[in-house]
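Here the structure comes first, spelled out in structure tokens, and everything after it is commentary.
The values are calculated or read from the model by the stated rules, or taken from the named source; none is laboratory data. The structure presented is a predicted model; accordingly, all values stated were derived computationally and were not measured. With ideal geometry, Cβ positions are generated from the backbone for all residues, glycine too; neighbour counts draw on all protein chains shown.
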Amino acid sequence: MSTIYGHFVNLDERGDYYADVRDANENTVFEIRANDDGSIDLIEDGYMTHSQDLEGLEEYLKEMEIIPMEAELLDRDSFETRLDAMSAPEPF
């Protein structure tokens, strides 16, 4: 099973944006913040096409060696569901 990371959007309104990427222990490994003008550097630099572009973000994080190449980046709901499944006791 690959290592999983979750993308958490904490604020997305009126040009203000803040999100972070967390590991399975809920440690933040990367943050994304909008600039004062509302732009997001990863979008401006062409790594992401929009603020929810997980594929582009995952590729960037791997390229920068922030997450391992075999890791999987999931949206918040999928990440939490997978974590719950991983920690659920085995049925008898």
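Assorted remarks:
- Verdict on ALA85 being surrounded by 10 or more Cβ atoms within 10 Å (Cβ to Cβ) and at negative phi: no
- Residue in segment 64-76 that is over 19 Å from ASN10 (Cα atoms), among the charged types (D, E, K, R), modelled with pLDDT of 95 or more and part of a strand (DSSP E or B) present: yes
- Residue list for segment 38-48, filter: under 20 Å from GLU13 (Cβ atoms) and touching a helix residue (DSSP H, G or I) at 6+ places or on another chain (Cβ under 7 Å): LEU42, MET48
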